[in-house]
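Below you'll find the structure, written out as structure tokens, and then a few comments.
The values are calculated or read from the model by the stated rules, or taken from the named source; none is laboratory data. Quick caveat, the model's predicted, so the values are computed rather than measured. With ideal geometry, Cβ positions are generated from the backbone for all residues, glycine too; neighbour counts draw on all protein chains shown.
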Amino acid sequence: MVMRFTPRVLDALDGKFSFIKPPSTTPSAQHDPAVAKTVSEMLLDIEKRGLDAVREYARKLDNHEGELVVDGGRLASSGDRLPRDLRDAIELGAQRTRAFAAHSRQQLQDYSFETAPGIVCGVRHVPVQQVGAYLPAGRFPLTASAFMSVGVAKEAGVPVVSAATPPQPNGAPNDAVLFAAHASGVDRAYTIGGVQAIATLAFGLLDDAPANMVVGAGNAYVAEAKRQLFGRVAIDLPAGPSEVAIIADETADPVIVAADLLGQAEHGPNSPAALITTSRELAESVAVEVKQQLETLSTAEIAGPAWRDYGSITVADTPEIAAELMDDLAPEHLEIITSRDDWYHDRLKNYGSIFLGEWSTVAYSDKGMAGTNHTLPTAGGAKHSAGLSVSRFIKPLTYQRLTREATPEAAHAVQVISDSEGMEAHSRTATYRLDRWQGQQN
């Protein structure tokens, strides 16, 4: 599915809004059967033949015959091969993302609670032990991806985080991506792309044990590999095209609004971008401004089709209608550029991450400069799920301890329920303890 209004909300709010540019009625593909078949065959082959299959796919798909494991010296020196300003920017993004993750981890405290006299229940927060992170480096090397996966996992306390990134045409990994992983605390790195990378991480085919969790963005094949492996390993989120939606009013600058819409449309030709506004004048100005900015945008061949096919502008009669429409869209990224930012923030419930005020653009989070995670739910997933964070790398493990004194009431209730269900073995686990308690009473 694509980011669009549901028929129920459209019917309920009929007559209370209008379209300057209607949203697409054609969903972008989220699951391609041909991709699924190819990925399934590759995963089965790699599981059966191991590294021989991985190397074969690396030669065939990436034209790569070099070493798969990145030498520790090359990893550590990756920043030396970058322009100083790029290195500084990467270090800044890594530091801010890890700082927010570290603070978030501090909020996850172990606790215990006595549910009844003699019955203590509690939670220990224990990180997963092995994480594999995929770091894309295709047409757009997503440098900040390492901050969000590697850095956040390390701040969660994950002992081993390994990263895989595809080779560049020269056969080496992208140094900016590699340095971002190094600055984020990666333990090992591999020069492997695509499905074969996900399989290598999940199956533990190189120096690692099999990953407990595989995270990171990628193309349709990478996303499908993660989907098919889910259950065997944990994943971050099902991936879909990047999304942005903006609520703006008459106080917003149409130049800024148009730029932020195109900033996410640039991710891919099926990336949705939506504006909901209470100002018809702003709506019409933004439509003109988007067209003008596309004329000079170097990535117009990507952002242009995305806006043409998946962009929308909606005029709502009131702020209340705008908020209701936006909660129905449940976008991945949500910007608020109004005179009532706090009102919208308090009211809205469905979004991956929210950006408040004209000085807050999605790109700041995309590149790690805000500190929050940019791995977020798409395709309406924000109605039920949150984005990647330290809590996703941590298992809140419950425990319980009962004393002899708590036995009579608990055992009797378990016996009654188990007998009513016909589960005699369950009943005996309680009655044997009850018999022992009674014997000790005499």
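The conditions of being surrounded by fewer than 24 Cβ atoms within 10 Å (Cβ to Cβ), without any contact (Cβ under 8 Å) to a residue 40 or more places away in the chain and within 29 Å of residue 15 (Cβ to Cβ) are not met by residue 339.
Within segment 320-329, being in contact (Cβ under 8 Å) with a residue 60 or more places away in the chain and in contact with a Phe, Trp or Tyr (Cβ under 9 Å, 6 or more places away or on another chain) holds for 321, 322, 323, 325, 326, 328, 329.
Hey, among the residues in segment 397-407 that are surrounded by fewer than 13 Cβ atoms within 10 Å (Cβ to Cβ) and either within 23 Å of residue 101 (Cα to Cα) or not charged (D, E, K, R) (or both), which one's farthest from the chain's Cα centre (by Cα)? Ranking the candidates gives 403 first. The residues of segment 178-193 that are part of a loop (DSSP other than H, G, I, E, B), under 21 Å from the mean Cα position of the chain (by Cα) and within 14 Å of residue 153 (Cβ to Cβ), listed by number, are 184, 185, 186. Candidates are the residues of segment 342-379 that are small (Gly, Ala, Ser) and in contact with a helix residue (DSSP H, G or I) (Cβ under 8 Å, 6 or more places away or on another chain); the one that is surrounded by the most Cβ atoms within 10 Å (Cβ to Cβ) is 368. When 379, 413, 386 are checked against the criterion of being assigned to a helix (DSSP H, G or I) and not assigned by TED's automatic domain parsing to the domain that holds residue 160, 413 stands alone in meeting it.
Among the residues of segment 45-55, is any surrounded by fewer than 19 Cβ atoms within 10 Å (Cβ to Cβ), more than 27 Å from the chain's Cα centre (by Cα) and not in a helix (DSSP H, G or I)? Yes: segment 45-55 contains one or more residues that are surrounded by fewer than 19 Cβ atoms within 10 Å (Cβ to Cβ), more than 27 Å from the chain's Cα centre (by Cα) and not in a helix (DSSP H, G or I).
Cβ separations smaller than 9 Å between residues 6+ apart or across chains give no pair from segment 242-266 residues that are within 13 Å of residue 361 (Cβ to Cβ) and of a type in the set (Lys, Arg) to residues that are modelled with pLDDT under 95 and assigned to a helix (DSSP H, G or I). Figure legend. Inter-residue proximity from segment 346-371: first residues assigned by TED's automatic domain parsing to the domain that holds residue 333 and free of Cβ contacts under 8 Å to residues at least 24 places away in the same chain, second residues in a loop (DSSP other than H, G, I, E, B) and crowded, with 17+ Cβ neighbours inside 10 Å, beta-carbon distance below 6 Å, spacing 6+ or different chains. Indicated pairs: 364/370. Kindly indicate whether any position in segment 343-355 is of a type in the set (Gly, Ala, Ser) and under 18 Å from residue 250 (Cα atoms). Checked against the condition, which is being of a type in the set (Gly, Ala, Ser) and under 18 Å from residue 250 (Cα atoms), segment 343-355 yields no hits at all. Given the structure, is residue 87 under 28 Å from residue 394 (Cβ atoms), of a type in the set (D, E, K, R), under 26 Å from the mean Cα position of the chain (by Cα) and assigned to a helix (DSSP H, G or I)? No. Looking only at residues in segment 290-303 that are of a type in the set (Gly, Ala, Ser) and either without any contact (Cβ under 8 Å) to a residue 12 or more places away in the chain or closer than 16 Å to residue 249 by Cα (or both), the one that is surrounded by the fewest Cβ atoms within 10 Å (Cβ to Cβ) is 298.
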